[in-house]
Structures are given as C-alpha cells and as structure tokens.
Amino acid sequence: MAMILNPINPVAFSVFGLPVRWYALAYIAGFVIGYYLFKYLTKNKDSEICLSKKQLDDFLTYIVLGVILGGRLGYVLFYNLPYFIEQPLEIFMLWHGGMSFHGGLLGVIFATFLFVYKNKFSDKSIARNTFRILDVLSVVVPVGLGLGRIANFINMEVMGRITNSPLGVIFVGGPEYPRHPSPLYEATLEGLVLFLIMWLMYTKTNLKTKPGAISGLLCMFYAVFRIFCEQFRQPDAQIGFLTSWGLTMGQMLSGLMFIVGVIVFICAMRKNK
C-alpha cells in the first residue's frame with residue numbers, strides 16, 4: 001500500500017513579503033556546508049592545496065557562479081532547448097525551476113580552471129592544481145546533491161514513475177496514483193552514500209596524492225547511481241524516452257560521464273606512476 005503524505009509548503013518562510021523557498025535554502029546550505037568542509041580538508045596537514053582566506057572566499061564566488069550558470073545552461077541545452085529558443089527571457093527566470101547537474105558540473109570544472117589560472121601556486125602546472133582542487137570538491141559535491149534532491153521532493157518535482165510498490169507515495173490533493181519518491185532515492189545514493197565513499201577515498205587512501213583520481217571516481221560512482229535511479233524517475237515530459245527501450249537523457253549524459261571518469265582515473269594513475 002502506498003504512503004499518503006501531506007504536501008510540504010515549498011515556501012519555508014517570507015521576509016518582508018518575499019517568499020524564501022526550501023529549494024533556495026538547500027542551495028545556500030549546500031554552499032555554506034561545502035565551504036567549511038572544503039576549508040577543513042584543505043587545512044589538513046596532508047593536503048596539497050593551500051588557499052589563503054581571500055583565495056578561499058574568491059573560490060566560493062567562482063563555484064557559486066559555476067553551479068548556477070552551468071546548471072541553468074545545461075538544462076537549457078540538454079533538456080528544453082526548443083522552448084528557450086522561443087522564450088529566451090525564460091532562461092534568466094531561475095525561480096521557475098530547471099537546473100542540470102551535468103551542466104553544473106561542467107560549470108564547476110570551468111570555474112575551477114579559471115580560478116587556478118588566475119592564482120599563482122608553487123606548483124606551476126594548471127592541470128595538476130585544477131585536479132587537486134576538483135578532488136577536494138569531489139568530497140563536497142554530494143552534500144549539495146543530497147540537499148537539492150530533498151528540496152526536489154518537497155517541491156514534488158522530478159518525481160518517479162507510477163508504481164504498485166509499498167514505497168510509492170501519494171500526496172494529498174495531488175494525482176491519486178502512487179509514484180516512486182525518486183528524489184529521495186537520489187538523495188540517499190547520490191548524496192549520503194556518495195559522500196561516504198568520497199570521504200573514505202580522500203581520507204583513508206593515498207589517492208589524493210594522484211591528482212584527478214578521486215575526480216574520476218566521483219564521475220564513475222555518480223554515473224552508476226544516477227543511471228540506477230533513473231529507472232524509477234519519470235522522464236521530463238518535453239523529452240520522454242530517447243529510445244524505444246527506455247533510455248533517458250539523464251542516463252545518456254551519465255553514461256558519457258562514466259566514460260570520462262574512467263579516462264581521467266586511468267590517466268591520473270598512469271601519470272603519477
């Protein structure tokens with residue numbers, strides 16, 4: 001029997017009449033927690049990355065812009081390009097929803113590269129320093145992912161496919177057929193489980209001494225978890241399935257991400273040998 005739940009108001013509270021949504025709070029919390037977690041990991045005596053307070057604050061700005069701009073552009077290009085060509089002003093209306101993890105990831109990579117390029121490090125290699133920072137971010141990223149998926153569930157968006165499973169959820173006042181709470185599946189795998197894996201890889205192995213290795217692992221593990229969770233998630237209505245056998249856009253992008261992760265991991269291990 002499906003679980004029947006009362007919807008949670010997507011607006012957490014209001015400030016001077018302006019609504020503050022749970023989704024926005026999830027992003028803010030992700031950036032704040034990520035900032036201090038990144039700071040903690042880079043302050044460790046074994047860390048190969050040493051950033052001043054100013055550099056750390058500047059880097060947060062780069063990352064925020066990378067996530068927001070990359071996530072939005074990724075959604076526009078990967079998920080709904082024809083619509084945004086007809087309604088270009090909608091691209092800037094972030095409050096209407098529509099962000100892509102894969103686009104956000106590309107934005108973060110580009111932002112990190114720019115940050116390294118504009119800052120001087122003792123090791124002059126831009127590629128090595130970029131991957132060293134990305135390896136630390138690989139531990140941080142799942143925190144934001146998990147919080148974002150919980151916010152998706154609160155907003156009753158990107159919900160799962162219709163199911164007879166006892167895990168199915170029906171929201172009072174919504175459709176009367178149960179759906180998989182797929183955002184919670186993703187919050188568990190792409191958030192909690194992925195964080196634990198990345199934390200152990202970074203703190204309990206010597207992979208952090210091989211720039212790019214942990215970044216490659218993040219790509220591989222995330223891709224596997226996302227492809228699995230997409231089996232329960234309802235595809236975006238404007239795209240549907242890409243093939244007759246049920247391939248989704250999220251699975252295709254994650255498949256490419258897995259391949260990139262394998263290449264990065266192998267190159268990191270061979271380079272450091």
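The values are calculated or read from the model by the stated rules, or taken from the named source; none is laboratory data. Note that the structure is predicted; figures quoted are calculated from it, not measured. Neighbour counts run over all protein chains shown; Cβ positions are idealised from the backbone, glycine included.
To keep it simple, each residue is scored yes or no on (1) modelled with pLDDT under 95; (2) among the hydroxyl-bearing types (Ser, Thr, Tyr); (3) closer than 23 Å to Ile263 by Cα.
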| residue | (1), (2), (3) |
| --- | --- |
| Thr205 | yes, yes, yes |
| Pro211 | yes, no, yes |
| Gly216 | no, no, yes |
| Phe225 | no, no, yes |
| Ala237 | yes, no, no |
If you go through region 185-204, how many residues are surrounded by 19 or more Cβ atoms within 10 Å (Cβ to Cβ) and within 20 Å of Arg233 (Cβ to Cβ)?
-> 7
Among what's in region 190-216 and is free of Cβ contacts under 8 Å to residues at least 60 places away in the same chain and of a type in the set (D, E, K, R), pick the residue that is farthest from Cys50 (Cα to Cα).
-> Glu190
Restricting the search to region 148-180, which residues are under 21 Å from Gly240 (Cα atoms) and touching a helix residue (DSSP H, G or I) at 6+ places or on another chain (Cβ under 7 Å)?
-> Arg149, Asn152, Phe153, Asn155, Val158, Met159, Gly160
Just give me the residues in region 255-273 being crowded, with 18+ Cβ neighbours inside 10 Å and either in contact with a Pro (Cβ under 8 Å, 6 or more places away or on another chain) or modelled with pLDDT under 95 (or both), in sequence order.
-> Ala268
Subset tally (residues that are surrounded by fewer than 15 Cβ atoms within 10 Å (Cβ to Cβ) and not aliphatic (A, V, I, L, M)) for region 231-254 | 8
Scope region 112-126; condition under 18 Å from Thr42 (Cα atoms) and assigned to a helix (DSSP H, G or I); matching residues | Thr112, Phe113, Phe115, Val116, Ile126
Would you call Gly160 within 25 Å of the chain's Cα centre (by Cα) and either more than 30 Å from Gln55 (Cβ to Cβ) or surrounded by fewer than 23 Cβ atoms within 10 Å (Cβ to Cβ) (or both)?
-> yes
